[in-house]
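Everything on this sheet refers to the single structure shown next.
Just so it is clear, none of the values below were taken in a lab; they were calculated from the coordinates. This is a predicted model, so every value here is computed, not measured. For neighbour counting, all protein chains shown are included, and Cβ atoms are generated from backbone atoms with ideal geometry for every residue, glycine included.
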Amino acid sequence: MHSTASRLDSIIEEMLPLLEQVPGEEFQFKPSPNKWSKKEILGHLIDSAQNNIRRFITAQYEDKPYIVYNQDRWVLINGYQQWDARDLIRLWAQLNKQVVAILRNTDPSMYQRPCLTQEEHSLEWLAQDYVKHLLHHLHVILELEPVTYP
């Protein structure tokens, strides 16, 4: 998981200045009432970080914790559309730095510990999947070449 942590750390450093350059109107724009704005997508990544932080920690001391969340409700209840963009970007970066620290601090004996989401996965698998999910959404926000995510 140390390589996953290093990769995530590099992604934060690379993407942070790009996120800060997204114009406010573009960040706020909702393509339709049922679709997330780029702000809300970033909010979703904040929610994902929070839930994965809980997974990465809890699975190290509980047997097969079941940790899921309703992503649409989390985005709605957090009201990310009304947040200041700079605050969202800073929160996203800080939470992901926390994920990096947790992954680096995880003893290798814990990598295969199971956690239940919709399915059972090891902490190592969840960490790798977290990075794939993050990249997929960052590429959407920044209008970069698409990164497929199942």
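Report the residue, chosen from Leu18, Leu123, Leu91, that carries the largest GNM mean-square fluctuation when the chain is represented by alpha-carbon nodes joined by springs under 10 Å. It is Leu18.
Figure the gain on full extension for Gln21 and Arg90 (residue separation times 0.36 nm, minus the Cα-Cα span) and round it to one decimal in nm. Please report the intermediate quantities before stating the final value.
Numbers: separation 69, 0.36 × 69 = 24.84 nm, distance 1.31 nm.
Separation in residues times 0.36 nm, less the Cα-Cα distance, equals 23.5 nm.
Which residues does the label zone of Ile77 cover in the range 36-54, counting backbone N under 20 Å from a point 7 Å along Cα→Cβ? Those under the cut-off are 36-37, 40-54. The range 10-65 and the range 82-143 have their alpha-carbon centroids 9 Å apart.
Compared with the dominant Cα axis of the chain, that is its longest principal axis, helix 123-141 is turned about 10°.
In plain terms, the chain from Glu143 to Glu14 could stretch by 45.0 nm, reckoned as 0.36 nm per residue minus the Cα-Cα distance.
Report the far tail of the P(r) of the chain, meaning the percent of Cα-Cα pairs longer than 28 Å.
19
In this label model, Asp107 and Ile67 are separated by 1.8 nm, measuring between points 7 Å along each Cα→Cβ vector. So which residue, out of Asn70, Asn105, Asn52, gets the largest mean-square fluctuation from a GNM of the chain using Cα contacts under 10 Å as springs? Among Asn70, Asn105, Asn52, the largest GNM mean-square fluctuation belongs to Asn70.
Each helix, a run of at least 4 DSSP H residues, gives -39500 (n - 2.57); summed and divided by the residues of the chain, these come to -20500 deg cm²/dmol at 222 nm. Relative to the dominant Cα principal axis of the chain, helix 85-105 is inclined by about 10°.
Against the chain, whose longest principal axis is taken from its Cα atoms, helix 2-20 shows a tilt of about 10°.
For the range 21-118, the relative contact order works out to 38 percent when only alpha carbon pairs closer than 8 Å and six or more residues apart are counted. Total lysine pairs in the chain at Cα distances under 22 Å, for residues eight or more apart or on different chains: 8.
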